[in-house]
Amino acid sequence: MLEIKNLGVTKGEKKILRGIDLTIPSGEKVVILGESGSGKSTLLKSIILFEQLKYGTIKFRNRIINESNVNEYRKNFVYISQKAPQSFYSVKEYICLPFKFNHNRDLSPDQTIFEHYLDRMNFKFDILAQNYNDLSGGEQQRITIIQALLLNKPYYLLDEITSNLDKQNVSKVMDEILFQDSRSIVYVTHNTDHLDRFDKIYRLQDGLLTLEVS
Amino acid sequence: MNSTYNIPIHSLVFFVLLFLIPIIIFKYLEIRKIKNLLISAIRMILQLSLVGFYLGYIFKLNNIFINFAWILVMILVANISILQQSGLSFRKLSRFTIPAYILTIGIVISSFLIIFTPKTIFSARYLIPLGGMVMGNLLRSNIVGLNRFFSELKKRENEYIQYISLGASRREALRPFIREAYQAAIAPQIGGLATMGLVALPGMMTGQILGGSSPLLAIKYQIMIMIAIFLTTSLSVLLAITLSQGSSFDEYGRFKKDVFKSH
């Protein structure tokens, strides 16, 4: 369970987030709607403390998160930003990159699941040998989502990840992301498609978060 | 071997008057930078005259401590210039970049001991010109390297956050940024290595040939200095970026934007 209490973020004089309360039990899938500039990207990054909090607390599994346990805490999350990273690796090397990080050295990508994701997201296997940087923005985004899904973390923080995708691909990506019951999702977007597939819908406006549908 | 032809001062004055030609071109093209051009030209002449005078003095003294003090002063001046031109905070980063440059120059000067005896390389006539050449390249490559590293990190901070969330340590998450900055810093030099001698005769070689050395000896010096320069840029860029990370992140691993010069 993730509990965010009275969270505020300011940048300079500007109040980006004001008194945000948000509780996400494990397995809950949440969408946060907001126009651009509403502070939704900031909220997502605040959850993993990559924004400086003006006030407020974040509690995870009943522990308050501070600088001493933040690294351990972040291991429960995958954050995917709106724009896919740049990388000179081949697609295969890029997807497997997280498994080369020291922290994940005991893990290895499950071949069957790997192939399943490629297939489900409309890729042929020959994509693996291509240069990741040569792919289109939408392809890079889908490959990045596969990379993140392979790690199979409990919480996924997704920032407008479908903005580069066409309708058919959006639906496939949603299928895969929402597939696992135990996985918690926080998805921020301004797009109102696929909303019925989430457990709760919040709206973020002028830095204030309100529950719209539950 | 003959010694170099001595340029009489009045001929040099006439030669400087050739500056009028670019000035006329500036006027013709209506480029309103004549004042800039004149100031730059005057600075060039004054600075070089000054260097000429005190280098003559330092060469005459030829004291090993003064020679190294001179190198140290050059490092400090280079450091100011690098941080200023790459738009970074002198106050925040100097305590990392200065040690990086001292270490690099130390290694490079030590490496000259493979070729020269200590007595030769530590003498003013060798240490100061060789040190100066190496330092000029350190300056250029570090402006590019540091600027690229910090500005890309600022622009693509989400990538850094994303890698951290995928399990990367800070070092692992920063690797793509370091790689890119390093490549940008040394790319011009790799290009320079490949065309060396084909188009432009390098400055050091030209100087030696004018000074009366045989072309073969001049080439040996040139090869040596090219390797030294490449070593300097490689080490200094990597060390400066790596060490300056120390002050660029807070206790939560967030990138602190205060490494940039405030306007």
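Every number here is computed from the coordinates shown, using simple stated rules; none is lab data. Source: prediction; values computed, not measured. FYI the Cβ positions are ideal-geometry reconstructions off the backbone, even for glycines, and counts take in every protein chain you see.
A Förster radius of 45 Å, combined with the Cβ-Cβ distance separating B:Ser169 from B:Ser11, puts the computed FRET efficiency at roughly 0.10. Considering only alpha-carbon pairs that sit under 8 angstrom and 6 or more positions apart, the relative contact order computed for chain B is 28 percent. The slack between B:Thr117 and B:Thr4, meaning 0.36 nm per residue of separation minus the straight C-alpha distance, is 38.1 nm.
Semi-axis lengths, largest first, of the ellipsoid equivalent to the stretch B:1-61 are 31, 16, 8 Å, with √(5λ) applied to each eigenvalue of the Cα gyration tensor. Sorting the segments B:11-17, A:19-25, B:211-217, B:95-101 by their mean number of nearby beta carbons within 10 angstrom, highest to lowest, gives B:95-101, A:19-25, B:211-217, B:11-17. Taking the empirical scaling 2.2 N^0.38 Å for compact globular proteins as reference, the stretch B:135-213 has a Cα radius of gyration ratio of 1.61. Residues whose amide H comes within less than 5 Å of that of A:Ile16, counting only those at least five positions distant or on another chain, are A:Val9, A:Thr10, A:Lys11 (H built at 1.01 Å from N in the peptide plane).
Each of B:Leu18 and B:Leu193 was given a label point 7 Å from its Cα along the Cα-to-Cβ line. The distance between the two points is 3.4 nm. Relative contact order of chain A, taken over Cα pairs closer than 8 Å and 6 or more residues apart, is 33 percent. The modelled label-to-label distance between B:Ser214 and B:Ile25, using points 7 Å beyond Cα along the C-beta direction, is 4.0 nm.
Past 31 Å, Cα to Cα, is the threshold; run B:Lys35/B:Lys154; B:Lys35/B:Lys220; A:Lys172/B:Lys256; A:Lys40/B:Lys256 against it and keep the listed order. Table pairs above 31 Å Cα-Cα are B:Lys35/B:Lys154; B:Lys35/B:Lys220; A:Lys172/B:Lys256. Legend: calculated FRET efficiency, A:Arg105 to B:Leu201, from the Cβ-Cβ distance at R0 = 45 Å, rounded to 0.05, equals 0.30. Placing a label point 7 Å from the Cα of B:Ile227 along the Cα-to-Cβ direction, the residues of the stretch B:70-114 with a backbone N closer than 19 Å are B:104-114. Each of A:Thr210 and B:Ile66 was given a label point 7 Å from its Cα along the Cα-to-Cβ line. The distance between the two points is 7.9 nm.
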